[in-house]
1. Wholly within the range 418-514, which strands (runs of 3 or more DSSP E) include no fewer than the required count, namely at least 1 residues that are farther than 30 Å from residue 591 by Cβ?
2. Taking residue 96 as meeting all but one of (1) surrounded by fewer than 14 Cβ atoms within 10 Å (Cβ to Cβ); (2) assigned to a loop (DSSP other than H, G, I, E, B), write down the number of the exception.
3. Quick one: which helices (runs of 4 or more DSSP H) sit completely within the range 643-744 and have at least 1 residues that are in contact with a helix residue (DSSP H, G or I) (Cβ under 9 Å, 6 or more places away or on another chain) and closer than 19 Å to residue 623 by Cα?
4. Being over 28 Å from residue 142 (Cα atoms), within 28 Å of the chain's Cα centre (by Cα) and outside any loop (DSSP other than H, G, I, E, B) is the filter here; which residues of the range 375-407 pass it?
5. Got at least one residue in the range 467-477 being surrounded by 13 or more Cβ atoms within 10 Å (Cβ to Cβ) and over 24 Å from residue 421 (Cα atoms)?
6. May I ask you to list the residues in the range 150-179 that are under 17 Å from residue 203 (Cα atoms) and buried (at least 16 other Cβ atoms within 10 Å of the Cβ)?
7. When you scan the range 701-718, do you find a residue that is within 21 Å of the chain's Cα centre (by Cα) and either surrounded by fewer than 23 Cβ atoms within 10 Å (Cβ to Cβ) or under 30 Å from residue 73 (Cβ atoms) (or both), even just one?
């Protein structure tokens, strides 16, 4: 099990890159941009005709928009008074706030839609997408050559769940969320699915309008019929099954009482169990946070049943990669005394764990910031006496997967991953040759030999390969190929950039092969830099559309990511978070100094925690960019922990209840770092109104503050989607509409000929 941050998963792996998960994005989880500014000591660049029109259109439209009144709510923390002039916008249901939001969002949609070139770009995004017969998400194998996966065929709006027998078998539809969307008038999406060990049942979570408020339903895979009612509050799934497929284990958030504050939503959550087909009365609580085993009320407990009948309990804080774990048996868990005993503690700094033949295998960063694999006996496992299976090296050990035939693990070598195989009981480690040097994810199960490898690079589209125990790698063809999967005229250039303190920051630059470094190219700089999440090579047809239009796309891994291991992450979180945006600005300076672009044609883009990153890059160096696009951005970090999802994010960003944490949060809060009278670049803030991870008022408050403060004539636009959330579950049309708006906005603000509004 590898915990996933609750804060960001969509924009890191799900929404921006269709290549990473098949949905998009990768969370993925799941792109961005500035002012015709100038670098220090450099004269301002002459305005183009498009730039002049920008100012005229923006000024005319702004005169017709409602101005947000200042109603300051000051708060004092540790002797420092923090102003909050737009606190009233947090009540998004209040008529005045709702009207202000709608007016500015409608204006943004209309203005963006009027940009010349926007519609042909939107058509090109759809054309590129429809050239691929289908998009396929992660694939699950079960005995009998059964395969389960989500798939969106060309032209379809949403992913559907399929099953098939054998790689040559015919896909069989199990669940389609589209009828729910048609009946309700709002998009519905599958948030997760889990298949029983024998393949007879599948549990899946479905939510509406990007809310991620998933209700779980269980289907018979032979008939597609639903067993029992929908189970609400099963937001994250975290599903496991008994070996006989007769019992399901999952995670459930609490039901808030009528007078209970929303900030309690993720407190006191439960690990529960039921038999498929049971109703609410058949659900039994196994573990409750805040009550059992000393688990803090803000943490999350998940039960994982192993094929041999052992039961593992994982406890995570929601954002950190490491966890605590307990072990017992399924038999004991079904009895009066569960008999949990500790297996690893948070002090062991374990991020992956597997059991095999009475042995525990862990991946840990304890005394090994680039990670190592250790093994020891289940009956008396202790990290101090565990055997080193794979010691730490100068490469980052990025993951492991246990199959019936071997233990597989991956290492990051520069900006590519390498795959290795270790037979049972140790022995000689062999490297598996891959057809593409890039990044991959692994899918394995202890009951089956071999594994599935989902592989891609910056310039090669994702394909899904099956690796046999003998080492042969075969393309499953589950992910159909398309005509744009391997563009020969695109190149990825890997560079190392000196940051403010001399530390070298890696960056990948995607560009056309024949590019000239004359400073003329519209350049989009993307980064994330939180939770130790690393931006590894990914292929995106959306990015291809940007490159086709003459752009350059750069991806940086500032401190706060995990590109060089745990130390790199720690150097960009809480009090060290300023390194993240200083690293990003150093990458931007490099792109200018080396002739890739110039400030008037440079933009920064990031989402969620990446929105925090580019927001602070904006306020730190407004001279450096022509435009900046924070998407679903975490922009008011002083108020973040007053929200339901803010509490689980305290380990990554800090708490305002301690002075050091407060000062770190204030420093990383874009909203509070906006200064009156500064000539800010153009800003486009986008957000889904139903966002459960970062409340939409992060965007509305920051938009109001920028509109009031900026001394430039560059637009500040706020584009809201009232049928979306953090991006998880967005339809094909929603993704393309947003992407076309963002790209058109950037080309317009960069003064690229042919990209200006008609109004």
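1. 430-432, 439-443, 451-456, 463-467, 473-475
2. (2)
3. Fully inside the range 643-744 and qualifying: 670-673, 697-709.
4. Answer for the range 375-407, where residues must be over 28 Å from residue 142 (Cα atoms), within 28 Å of the chain's Cα centre (by Cα) and outside any loop (DSSP other than H, G, I, E, B): just 396.
5. no
6. Correct list: 150, 151, 159, 160, 161, 162, 163, 164, 174, 175, 176, 177.
7. Keep residues of the range 701-718 that are within 21 Å of the chain's Cα centre (by Cα), which gives none.
Taking every residue of the range 701-718 in turn, none turns out to be within 21 Å of the chain's Cα centre (by Cα) and either surrounded by fewer than 23 Cβ atoms within 10 Å (Cβ to Cβ) or under 30 Å from residue 73 (Cβ atoms) (or both).
Quick grid of which residues meet (1) crowded, with 16+ Cβ neighbours inside 10 Å; (2) within 22 Å of residue 549 (Cβ to Cβ):
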{"site": "494", "(1), (2)": "no, no"}
{"site": "504", "(1), (2)": "no, no"}
{"site": "507", "(1), (2)": "yes, yes"}
{"site": "515", "(1), (2)": "yes, yes"}
{"site": "527", "(1), (2)": "yes, yes"}
{"site": "534", "(1), (2)": "yes, no"}
{"site": "537", "(1), (2)": "yes, yes"}
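The values are calculated or read from the model by the stated rules, or taken from the named source; none is laboratory data. Since this is a predicted model, take the numbers as computed values, not measurements. Neighbour counts run over all protein chains shown; Cβ positions are idealised from the backbone, glycine included.
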